[in-house]
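Structure first, commentary second.
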Amino acid sequence: MKKLKYYICLMLYYSFGRHLPGSDMVYSLGSKRIRRLLCKGIFEKTGKNINIEHGAFFGAGIGIEIGDNSGLGVNSRVSGPLKIGNDVMIGPDVMIFTQNHRNDRLDIPMRLQTDPKKPVVIEDDVWIAARVIVLPGVTIHKGAIVGAGAVVTKDVPEYAVVGGNPARVIKYRNGKPV
């Protein structure tokens, strides 16, 4: 029965829920609530008051956990294994990858040289701004801010403000010197 519910929610999300208006639109007609309900049947764990925005893509949703008061931004693209903590803001067009391709063997095409999946962890009270790319195996620690357009290739320390390609620490929110 649980598997049937999962497949029904997945089908309804991609055929209908994903295309509903953004949750802040005057004519949203409860789209935030509908997407939340569908994702509760898809994700492995969902907290209270999650917000999955218009156009968010998460594949089959396998291995995705999202905490209380957290959300995926408009047209974001994520994959599991992914753990999102509480009070996390993820902006529009954010991409979070958990798998990559290898290129060390010349006798096999690169498209067939997939690496194992590496989980991404986003801890509590994190803000990931628009068009950020997060690569496999990264942890973004508590209270961090990732600036728009950053490419996160390494772990982000607690309360750090990072930006650029590759992302580097610009300052710390708690006054710690860089």
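The values are calculated or read from the model by the stated rules, or taken from the named source; none is laboratory data. Note that this is a predicted model, so its numbers are computed, not measured. Note that each Cβ is placed from the backbone with ideal geometry, even for glycine, and that neighbours are counted across all protein chains shown. With ligands, DNA and RNA removed, areas are computed over all heavy atoms of the protein, side chains included. Shrake-Rupley method; radii C 1.70, N 1.55, O 1.52, S 1.80 Å.
For the reader, a short list of remarks on this structure follows.
- For Val132, the conditions (1) under 19 Å from Glu65 (Cβ atoms); (2) buried (at least 20 other Cβ atoms within 10 Å of the Cβ); (3) not hydroxyl-bearing (Ser, Thr, Tyr) all hold with the exception of (1).
- Flag for Ile34 being assigned to a loop (DSSP other than H, G, I, E, B), out of contact with any Phe, Trp or Tyr (no Cβ under 6 Å at 6 or more places or on another chain) and surrounded by 15 or more Cβ atoms within 10 Å (Cβ to Cβ): no
- Test: residue in the stretch 128-138 that is more than 11 Å from the chain's Cα centre (by Cα) and either modelled with pLDDT under 95 or in a strand (DSSP E or B) (or both): no
- Candidates are the residues of the stretch 139-166 that are among the hydrophobic types (A, V, I, L, M, F, W, C) and in a loop (DSSP other than H, G, I, E, B); the one that is farthest from Asp87 (Cα to Cα) is Ala150.
- Looking only at the stretch 92-115, residues that are open to solvent by 90 Å² or more (accessible area, probe 1.4 Å) and either within 21 Å of Phe57 (Cα to Cα) or among the aliphatic types (A, V, I, L, M) (or both) come to 4 in all.
- Asp124 within 22 Å of Pro92 (Cβ to Cβ), out of contact with any strand residue (DSSP E or B) (no Cβ under 8 Å at 6 or more places or on another chain), in a loop (DSSP other than H, G, I, E, B) and open to solvent by 20 Å² or more (accessible area, probe 1.4 Å): yes
- Out of Ser23, Ser15, Ser31, sole residue that is free of Cβ contacts under 8 Å to residues at least 24 places away in the same chain, closer than 19 Å to Ile66 by Cα and small (Gly, Ala, Ser): Ser31
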